[in-house]
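Scroll down for the structure; my scribbles are underneath it.
Only the coordinates and a few stated rules stand behind these numbers; no lab work does. Keep in mind that what you see is a predicted model, and the values were worked out from it rather than measured. Counting neighbours? That spans all protein chains shown, and the Cβs are built from the backbone with ideal geometry, glycine included.
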Amino acid sequence: MILVHQFKLECRKHLAVFGSLTGLSALINLYFLFSTQQDLAFLVLTANMVIGLLVPLYIYTDLYKEFFTGVMPVNHLLPVRTSSLFAVKSAVFILGSMTVWSTTLLEIFLNPAGLYQMRIEQSSSPALGILYLVLSKLLSLPAGYALIGFALAAGKRFRKPQLSHLCIVVLLAGGVAAQFTLAVQGSWHWSIGTSSVDAFKQYANLLSVTPVFRVMQADINDTINWLTVGSNVLVMLLAGSAAALLLNGRGYEL
Amino acid sequence: MENILECSGLSKSYGRKMALNGLELKVQRGKIVGLLGRNGAGKTTLMKLIVSLLRNYEGTLLVDGKKPGVETKQIVSYLPDHEFLYPWMTVEECVTFFGHAFPDFRRDKARDMIGSLGLNVKDKVKSLSKGMKEQLSLSLAFAREAKLYVLDEPLAAVDPSTRDKIMKIILDHFTSDSTILVSTHLIQGVEPLFTDIAIVDEGRVQLQGTVADIKREYGMHLEDVFKQIVK
């Protein structure tokens with residue numbers, strides 16, 4: 001019951017931020033959908049990219065304050081494991097991130113020149129395409145939060161702040177870089193934080209990557225890369241387990 | 001009498017700095033124990049170990065016969081030495097939060113205490129004065145039916161009037177079933193609060209006993225005993 005109430009509390013705490021970003025993203029995507037002024041497209045895409053960056057940045061900052069600096073110890077006095085507190089927060093962040101992301105589906109599905117009507121509908125299996133579209137995003141989120149949790153908990157093992165922060169940066173950058181390599185393999189070039197109708201977006205942890213191939217695949221389902229989904233699942237399990245061990249261990253102190 | 005808290009050879013270091021250095025302390029149930037010591041003596045470290053905010057230590061530390069952890073958090077009510085409530089919550093929301101968080105929290109008791117302090121339940125925490133926040137935090141801590149109350153410097157940095165109110169809250173809510181551990185570096189005027197004291201210095205308990213015994217033995221006020229022990 002404590003965790004259920006904690007979930008509600010966290011939802012309330014972050015409602016304003018996620019609500020605002022969802023509203024803003026929805027407005028931008030709707031505007032893009034109905035606007036005939038294509039010269040504003042770049043501005044809209046940039047705004048989408050900024051929102052896409054703001055969400056993980058906000059989440060990282062909150063997790064850092066709660067589990068690294070410990071500015072709000074009241075939560076750590078609750079008779080629950082620290083890993084459970086982290087899991088509850090992550091669940092709220094997954095919900096918030098997915099809500100913000102869901103507004104981009106307006107453009108994907110309703111725009112006649114969007115990903116669904118241009119490519120997925122004509123693919124060998126539209127159902128598989130939609131499944132991949134949602135699943136790849138959905139599984140990237142717990143992988144991201146698990147890696148952040150692992151990095152923060154590992155960073156707490158060092159007494160010197162410089163070493164702590166170096167540890168966090170190395171683990172986060174190393175984890176994401178390894179996954180990123182997997183996401184861009186075989187592609188001609190790639191772009192971060194953008195989307196196109198050429199191929200499905202891949203997720204290297206919280207980083208979204210759009211690979212572009214020399215020859216556009218006739219069937220967009222050929223650009224599905226289950227390895228990136230698999231790597232996110234693997235990171236979620238490994239980093240999540242390591243984070244839980246460290247957060248509940250004797251070495252984790254606020 | 002059974003001990004609610006037992007520390008034996010308790011040591012805790014922050015890098016090369018020893019905060020606790022083989023501390024020995026036994027606290028019986030049904031006592032109000034003053035943990036007296038200068039700033040940096042190790043009082044807050046000891047309290048954080050008791051409530052499991054710090055976990056890495058050497059020696060033995062038992063709260064109600066168990067190592068500090070999730071289980072002991074259910075029977076220990078802690079008041080940190082700094083603000084720890086969500087500033088955006090109203091007083092009533094704090095009561096609701098504690099009610100959900102701690103099964104031994106009594107909302108009616110909290111509301112009565114808050115009402116008697118003259119706090120408006122609709123006020124946000126961030127709008128309260130320091131003294132009011134301290135009293136609210138203390139009311140929330142005492143609205144739990146805990147076995148051990150751990151209060152870190154509740155009397156520091158408040159005006160004399162607020163200090164008297166805080167002492168009254170502590171005394172009013174003391175029962176023989178519970179134990180209260182209060183850390184303070186202020187001794188003058190707070191003597192009547194304690195049944196027992198433990199003077200901590202350089203990470204060790206230098207003197208422990210009942211207030212009456214210590215005063216009888218030394219023939220002076222606690223403040224003078226403290227000055228003599230902690231030179």
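For segment B:1-96, trypsin sites (Lys or Arg not before Pro) are listed when DSSP marks them as loop and at most 15 other Cβ atoms sit within 10 Å of their Cβ; the list is B:Arg16, B:Arg38. Residue-wise HN-Hα couplings along segment B:68-83, as the Karplus relation 6.51 cos²θ - 1.76 cosθ + 1.60 with θ = phi - 60° gives them from phi, are x, x, 4, 5, 6, 4, 6, 10, 10, 9, 10, 10, x, 8, 9, 4 Hz; Gly and Pro carry x. Extending 7 Å from Cα along the Cβ direction at A:Val50 and again at A:Arg81 yields two label points whose distance is 4.2 nm. State the percent of C-alpha pairs, over all pairs in the protein assembly as shown, separated by a distance greater than 42 angstrom. When every Cα pair of the protein assembly as shown is considered, 32 percent fall beyond 42 Å. Each residue, A:Leu33 and B:Lys67, gets one label point 7 Å from its Cα in the Cβ direction; the gap between the two is 5.6 nm. Across peptide B:69-76, the average count of Cβ atoms from other chains found within 10 Å of a residue's Cβ is 3. Counting only other chain Cβ atoms within 10 Å of each residue's Cβ, the peptide A:67-77 averages 5. Compared with the direct C-alpha span, the chain from A:Lys65 to A:Leu237 gains 59.6 nm at full extension, assuming 0.36 nm per residue. Plainly put, segment B:3-229 has a radius of gyration that is 0.96 times its Kirkwood radius, both from alpha-carbon atoms, as the Rg/Rh ratio. Close amide-amide hydrogen proximity is noted between A:Trp190 and A:Val212, each under 5 Å apart and 5 or more residues distant or on a separate chain (H modeled in the peptide plane; Pro and chain starts excluded). The magnitude of the dipole of the protein assembly as shown, with charges of +1 and -1 set on the Cβ of Lys/Arg and Asp/Glu and taken from the Cα centre, is near 600 debye. Two numbers describe the Cα atoms of segment A:2-248: Rg and Dmax, which are 19.0, 57 Å.
Calculated mean residue ellipticity at 222 nm for the protein assembly as shown: -16000 deg cm²/dmol, from DSSP H runs with n ≥ 4 weighted as -39500 (n - 2.57), summed, divided by the residue count and rounded to 500. Stretching the chain fully between B:Asp177 and B:Tyr218 yields a gain of 11.7 nm (0.36 nm per residue, less the alpha carbon separation). Distances between placed amide hydrogens fall under 5 Å for B:Asp201 paired with B:Gln206, all partners being 5 or more residues away or on another chain.
Helix B:91-101 versus the longest principal axis of chain B: what is the Cα-based angle in degrees, 0 to 90, to the nearest 10? Taking the Cα atoms of chain B, the angle to B:91-101 is about 60 degrees. With a Förster radius of 30 Å applied to the C-beta separation of A:Phe109 and A:Val212, the computed FRET efficiency comes to 0.85. Only one residue of B:Phe84, B:Thr72, B:Ile4 has its Cα farthest out toward the positive end of the dipole of chain B, where Lys and Arg carry +1 and Asp and Glu -1 on Cβ, and that residue is B:Phe84.
Note on A:Leu40 and A:Cys11: their simple-model spin labels are 3.4 nm apart, each label 7 Å out from Cα toward Cβ.
Once you reduce segment A:82-107 and segment A:143-217 to the center of their Cα atoms, the two points are 18 Å from each other. The distance linking segment B:85-141 with segment B:189-231 is 33 Å (Cα centroid to Cα centroid, whole angstrom). Enumerate the lysines that B:Lys124 could reach by cross-link, defined here as Cα to Cα under 16 Å, with residues fewer than 8 away along the same chain left out. Correct list for B:Lys124: A:Lys13, B:Lys133.
Can you flag which of A:Lys89/A:Lys137; B:Lys109/B:Lys168; B:Lys31/B:Lys126; A:Lys8/B:Lys122 are past 22 Å Cα-Cα? Pairs exceeding the cut-off: B:Lys31/B:Lys126.
The convex hull of the Cα atoms of segment B:145-231, projected and averaged over all directions, covers 6.2 nm². Shown in residue order for segment B:50-62 are the 3J(HN,Hα) couplings computed by the Karplus curve 6.51 cos²θ - 1.76 cosθ + 1.60 at θ = phi - 60°: 4, 8, 6, 6, 10, 10, 9, 9, 10, x, 10, 9, 10 Hz (x for Gly and Pro).
As a calculated quantity, the FRET efficiency between B:Ser161 and B:Lys26 at R0 = 60 Å, using C-beta atoms, amounts to about 0.95. Its residue count N fixes a reference of 2.2 N^0.38 Å for segment A:5-113, and the Cα radius of gyration divided by that reference is 1.30.
Less than 5 angstrom separates the built amide H of B:Tyr149 from those of B:Ser77, B:Thr179, B:Ile180, B:Leu181, all sequence-distant by 5 or more or on a different chain. Peptides B:107-116, A:195-204 ranked from most to least packed give A:195-204, B:107-116, packing being the mean of other C-beta atoms within 10 angstrom over each peptide's residues.
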